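Novice: Take a look at the following structure, please.
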Amino acid sequence: MKAYPTATRPITLSMSFKRGISLALCAAALLLGTQAQAQFAKPEDAIKYRKNALFVMQQHFARLAAMAQGKAPYDAKIAADNAAIVASVAVLPWAAFGEGTDKGDTKAKAEIWKDKDGYKQVTDKFLGEVTKLKTAAATGKLDDLKAAVNATAASCKACHDEYRAK
């Protein structure tokens with residue numbers, strides 16, 4: 001083993017420690033996401049927030065979809081990293097669908113606010129699929145990623161079909 005001076009020795013973290021950090025970050029993102037609604041000064045701020053969160057999530061999901069479809073080379077580490085980002089960001093936009101955010105620069109249909117239970121069901125389904133996506137990407141197996149990407153995309157589509165204007 002090569003000797004490193006103390007200040008430059010590489011730090012090796014155990015898998016359980018890494019998982020613990022990931023869980024803590026996800027919990028913090030969830031907590032921040034649920035408190036975000038109260039932090040918006042104006043409905044336009046909430047709309048901008050959710051659109052930006054959805055955009056970031058879509059960008060990272062698109063990288064996974066490209067690998068799953070063979071449009072980009074499969075790289076297990078890049079897939080796992082992008083799936084982790086998708087999972088972290090996926091909890092953020094939902095708090096920004098509060099009262100008064102149904103008008104303005106949005107494609108959100110009024111059904112979101114009229115059918116809160118149905119909307120919650122599709123967002124919960126999506127969050128469950130995103131969790132499975134992160135797990136599948138972590139296996140390092142392209143077939144697992146493909147199946148999870150397809151299921152996650154289907155849950156995105158279900159929400160868009162019902163609650164997003166064209």
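The values are calculated or read from the model by the stated rules, or taken from the named source; none is laboratory data. Quantities reported herein were computed from a predicted structural model and do not represent experimental measurements. Methodologically, a virtual Cβ is constructed for each residue, glycine included, from the backbone with ideal geometry; neighbour enumeration extends over all protein chains shown. Just the protein is used for accessible areas: all its heavy atoms, side chains included, with ligands, DNA and RNA removed. Shrake-Rupley method; radii C 1.70, N 1.55, O 1.52, S 1.80 Å.
Novice: Output the number of residues of segment 57-66 satisfying the condition of being touching a helix residue (DSSP H, G or I) at 6+ places or on another chain (Cβ under 6 Å) and either among the polar types (S, T, N, Q) or open to solvent by less than 60 Å² (accessible area, probe 1.4 Å) (or both).
Specialist: Residues that pass the stated criteria total 5.
Novice: Sticking with this structure for a sec: I need the full set of residues from segment 154-166 which are open to solvent by 70 Å² or more (accessible area, probe 1.4 Å) and either part of a helix (DSSP H, G or I) or on the phi > 0 side of the Ramachandran plot (or both), in order please.
Specialist: Lys157, His160, Asp161, Glu162, listed by residue number.
Novice: Looking at (1) open to solvent by 30 Å² or more (accessible area, probe 1.4 Å); (2) among the β-branched types (Val, Ile, Thr); (3) in contact with a helix residue (DSSP H, G or I) (Cβ under 6 Å, 6 or more places away or on another chain), which one does Ile78 not meet, given that it meets all the others?
Specialist: Of everything listed in (1) open to solvent by 30 Å² or more (accessible area, probe 1.4 Å); (2) among the β-branched types (Val, Ile, Thr); (3) in contact with a helix residue (DSSP H, G or I) (Cβ under 6 Å, 6 or more places away or on another chain), Ile78 misses just condition (3).
Novice: Which one of the conditions (1) touching a residue at least 24 places away in the same chain (Cβ under 8 Å); (2) within 21 Å of Gln39 (Cα to Cα) does Asp102 fail to meet, given that it meets all the rest?
Specialist: So Asp102 meets the others, but not (1).
Novice: Hey, among Ala151, Ala72, Ala136, which residue is more than 29 Å from Ala41 (Cβ to Cβ), assigned to a loop (DSSP other than H, G, I, E, B) and without any contact (Cβ under 8 Å) to a residue 60 or more places away in the chain? First the steps, then the outcome.
Specialist: Numbers: Ala151 fails: assigned to a loop (DSSP other than H, G, I, E, B); Ala136 fails: assigned to a loop (DSSP other than H, G, I, E, B).
Going through Ala151, Ala72, Ala136 in turn, just one is more than 29 Å from Ala41 (Cβ to Cβ), assigned to a loop (DSSP other than H, G, I, E, B) and without any contact (Cβ under 8 Å) to a residue 60 or more places away in the chain: Ala72.
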